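A short write-up of the structure that comes next.
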Amino acid sequence: MTTHSLLLLPGDGIGPEVMAQVERVIAFFGKRGKASFKTETALVGGAAYDKHGVAVTDETVAKAQTVDAILFGSVGGPKWDKVAYEHRPEAGLLRLRKDLDLFANLRPAICYPALAEASSLKRELVEGLDILILRELTGGTYFGEPKEIVTLENGQRRGVDTTVYTTGEIERIARVAFDLARKRSGKVHSAEKRNVMVTGLLWNQVVTALHAKEGQGIKLEHILADACAMQLVRNPKQFDVIVCDNLFGDMLSDEAAMLTGSIGMLPSASLGAPDPKTGKRKALYEPVHGSAPDIAGQGSANPIAAIASYGMALRYSCDMPHEADMIDKAIAGTLARGFRTSDIMQPNMRKVGTADMGTAILEELATVAK
Ligand code: NAD
């Protein structure tokens, strides 16, 4: 039987609360006997700073390099607002992304039928929506040099960000897009601004060339990033996989997220390159939401994003797509039965806390497993 190693990094605020529910779901799949899970837990973010003086220790990063998947909760909170910039809680997550070279960020936007009313769009536009935004995470405008504010001779100040991409960086993210699309509907939209940015022009050329070489069976369409933003609110179901750079991905994934209702519902994955020997990718899975200090400690946080993130780990790191589908079905079933945490509460539904939502999903999993 295969054993999958998981490093759990619950972090701060509601992170440990939602991770406790993830552990129950891991135990459920461990008991089913198809695969076993070896878990280890470590501190990250403010919790790591309080104990070790850094947002993540070298030891934890070394461990993260060796496991099949990292399950991350959330970091940050007002308690650490005055901590030195390099030791702020978020630095722990950024170091993990950088040291593990997690360049591919997957953000699914799924609209469960039971929550279609919570979207800002009409039900018919979003019901059954299932799209995947693939964002390049380690290059582009957020990391390009120079990145500076300089004072000019005339006394004005000038801020500079540099957008820079190499062929290799574009190829590797486009390859991930094609691989993902093969397991879905086979359709990829590549979004850039080739009309006004040379990085957009290069992006378009490289994606087109890679498609000709490696994109058998994939239908590729190019779209300007601003048109993509518009189409996402006009007719989101026309999309399946959307691949884009770091900056546009940041915007488009947040826009797509809001189509689905609540931030407490959204999982994500960040993947590295496949290991040349094993083919396995380094991978970190986390809910999109933060540590929600306003509700931390109340037992009211929605654990669905964290549980769905574990579902993504089953799909992309453990080669257990059937079990990942079971989690998606169990979440849909739980919502259809009327269970709601306060963030997704609707009239005549049953309001539950974090642990009760976890219990309801486990009950539904048991039914789905039959
Ligand atoms: P947030 O996502 O923590 O919270 C935004 C709002 O959504 C809050 O009202 C919160 O109560 C609610 N919310 C979030 N997750 C929820 C859940 N699972 N269930 C129910 N309600 C939920 O964003 P924020 O308030 O901007 O940031 C709070 C802290 O989290 C900050 O320190 C920020 O830096 C940090 N943060 C961390 C990450 C991360 O760890 N990846 C991401 C975003 C923000």
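The values are calculated or read from the model by the stated rules, or taken from the named source; none is laboratory data. Computed from a prediction, not measured in an experiment: that's the story for all the values here. Please note: Cβ atoms are built from the backbone with ideal geometry, for glycine as well, and neighbour counts cover all protein chains shown.
Matching residues to (1) touching a Gly at 6+ places or on another chain (Cβ under 6 Å); (2) not in a helix (DSSP H, G or I):
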position	(1), (2)
Gly128	no, yes
Lys147	no, yes
Glu153	no, yes
Gly159	no, yes
Glu171	no, no
Arg175	no, no
Ser190	no, yes
Arg194	yes, yes
Leu201	no, no
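Summed over segment 55-110, residues that are among the β-branched types (Val, Ile, Thr) and within 15 Å of the chain's Cα centre (by Cα) total 3.
Residues in segment 309-330 that are more than 17 Å from the chain's Cα centre (by Cα) and basic (Lys, Arg): Lys329 only.
Kindly indicate whether any position in segment 24-31 is closer than 19 Å to Leu94 by Cα, in the same structural domain as Gly92 (by TED's automatic domain parsing) and surrounded by fewer than 16 Cβ atoms within 10 Å (Cβ to Cβ). No, there is no match, as no residue in segment 24-31 is closer than 19 Å to Leu94 by Cα, in the same structural domain as Gly92 (by TED's automatic domain parsing) and surrounded by fewer than 16 Cβ atoms within 10 Å (Cβ to Cβ). Quick check on segment 296-353: of everything there that is among the polar types (S, T, N, Q) and at pLDDT below 95, which residue is farthest from Ala20 (Cα to Cα)? Ranking the qualifying residues of segment 296-353, first place goes to Asn348. Filter segment 335-357 down to the residues that are more than 15 Å from the ligand (Cβ to nearest atom) and in a helix (DSSP H, G or I) and list them by number. Within segment 335-357, just Ala336 meets the criteria. If you filter segment 274-309 down to residues that are among the charged types (D, E, K, R) and in contact (Cβ under 8 Å) with a residue 12 or more places away in the chain, you find that the one that is nearest to the ligand (Cβ to nearest atom) is Glu286.
Beta carbons closer than 9 Å, at least 6 apart along the sequence or on distinct chains, pair a first residue in segment 230-249 that is small (Gly, Ala, Ser) with a second that is part of a helix (DSSP H, G or I) and surrounded by 15 or more Cβ atoms within 10 Å (Cβ to Cβ) for Gly249/Gly140.
Among the residues of segment 235-257 satisfying the criterion of being closer than 22 Å to Leu125 by Cα and polar (S, T, N, Q), which is surrounded by the most Cβ atoms within 10 Å (Cβ to Cβ)? Among them, the one singled out is Ser253.
Of all residues in segment 29-53, exactly one satisfies the criterion of being farther than 25 Å from Val288 by Cβ and among the hydrophobic types (A, V, I, L, M, F, W, C), namely Ala35.
Considering Leu271, Leu259, the condition of being closer than 26 Å to Val25 by Cβ, more than 13 Å from the ligand (Cβ to nearest atom) and within 15 Å of the chain's Cα centre (by Cα) is satisfied by Leu271 alone.
Could you go through segment 316-323 and let me know if any residue there is crowded, with 16+ Cβ neighbours inside 10 Å and closer than 18 Å to His289 by Cβ. No - not one qualifying residue is present in segment 316-323. Among the residues making up segment 139-161, those that are under 27 Å from Val207 (Cα atoms) and either surrounded by 14 or more Cβ atoms within 10 Å (Cβ to Cβ) or out of contact with any Asp or Glu (no Cβ under 7 Å at 6 or more places or on another chain) (or both) are Gly139, Gly140, Thr141, Tyr142, Phe143, Gly144, Glu145, Pro146, Asp161. For segment 358-370, name all the residues that are closer than 16 Å to Val18 by Cβ and more than 16 Å from the ligand (Cβ to nearest atom). Listed by number, the residues that qualify are Thr359, Leu362.
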